Amino acid sequence: MKRLVFAGLFPVFALLILVAPVASGLQWCPKDPIVSLNGQAVQIWVAIPEGYQPVVTGAIDVVVASPAGVEREVLFTDEGFNGYGETVEFVDAGTFQGDAMPVSVDVNVPYDASQLSDGNLPVRLTIVLPDDSVIEVEDEFGAASASFTIPANQ
């Protein structure tokens, strides 16, 4: 009888061990340039699933768009994926809306799609605003975008 119980429990236990990692979801690997817009720090987290790092072929490309006349500065960049680093470009776009500054962030992670079965590199973009609120967007094929407003002056 004990053998029968053990024999019945072993497959259930093995199944739970195999399913647990799948249920927990993807493990994301984040990188984070930080920029300043009119003296206000905006942290831009760009993340891809941990197991996808080997397919990255270049620097993370970050484009930050804000109205002309905004003081812009790169405060921090890190090593990026596979040591390729990060590039940050500022462009003029939009106009002030009273005391609010419209901002958009576009990110692109270059990768070798031929190394992925479906050619898709998921990207999670998380932006920490000056008031510590967070915007999070998940997209596909190595790119993601988000738009938001922050106060025009600190």
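The values are calculated or read from the model by the stated rules, or taken from the named source; none is laboratory data. What you see is a predicted model, and the numbers here were worked out from it, not measured in a lab. Every residue, glycine as well, gets a Cβ built from its backbone with ideal geometry; the counts of neighbours run over all protein chains shown.
Can you tell me how many residues in segment 67-103 are closer than 17 Å to Cys29 by Cβ and of a type in the set (S, T, N, Q)? So the answer is 2. I'd like to check something: does segment 142-149 contain any residue that is surrounded by fewer than 17 Cβ atoms within 10 Å (Cβ to Cβ) and not hydroxyl-bearing (Ser, Thr, Tyr)? Yes; the residues of segment 142-149 include at least one that is surrounded by fewer than 17 Cβ atoms within 10 Å (Cβ to Cβ) and not hydroxyl-bearing (Ser, Thr, Tyr).
Per-residue answers, yes or no, for (1) touching a helix residue (DSSP H, G or I) at 6+ places or on another chain (Cβ under 7 Å); (2) more than 18 Å from Val63 (Cα to Cα); (3) free of Cβ contacts under 8 Å to residues at least 40 places away in the same chain:
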{"position": "Met101", "(1), (2), (3)": "no, no, no"}
{"position": "Ser104", "(1), (2), (3)": "no, no, no"}
{"position": "Val107", "(1), (2), (3)": "no, no, no"}
{"position": "Gln115", "(1), (2), (3)": "yes, yes, no"}
{"position": "Val123", "(1), (2), (3)": "no, no, no"}
{"position": "Asp132", "(1), (2), (3)": "no, yes, yes"}
{"position": "Phe141", "(1), (2), (3)": "no, no, yes"}
{"position": "Ser147", "(1), (2), (3)": "no, no, no"}
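Of all residues in segment 42-94 being buried (at least 18 other Cβ atoms within 10 Å of the Cβ) and among the aromatic types (Phe, Trp, Tyr), which is farthest from Asn120 (Cα to Cα)? Taking the candidates together, the pick is Trp45. Does segment 115-131 hold any residues that are within 22 Å of Ala65 (Cβ to Cβ) and either in a loop (DSSP other than H, G, I, E, B) or under 11 Å from the mean Cα position of the chain (by Cα) (or both), and which are they? The answer is Val123, Arg124, Leu125, Thr126, Ile127, Leu129, Pro130, Asp131. Considering segment 24-59, and only residues there that are assigned to a strand (DSSP E or B) and over 16 Å from Ser104 (Cα atoms), the residue that is nearest to the chain's Cα centre (by Cα) turns out to be Ala47. Of the set (1) at pLDDT below 95; (2) touching a helix residue (DSSP H, G or I) at 6+ places or on another chain (Cβ under 8 Å), all apply to Leu18 but (2).
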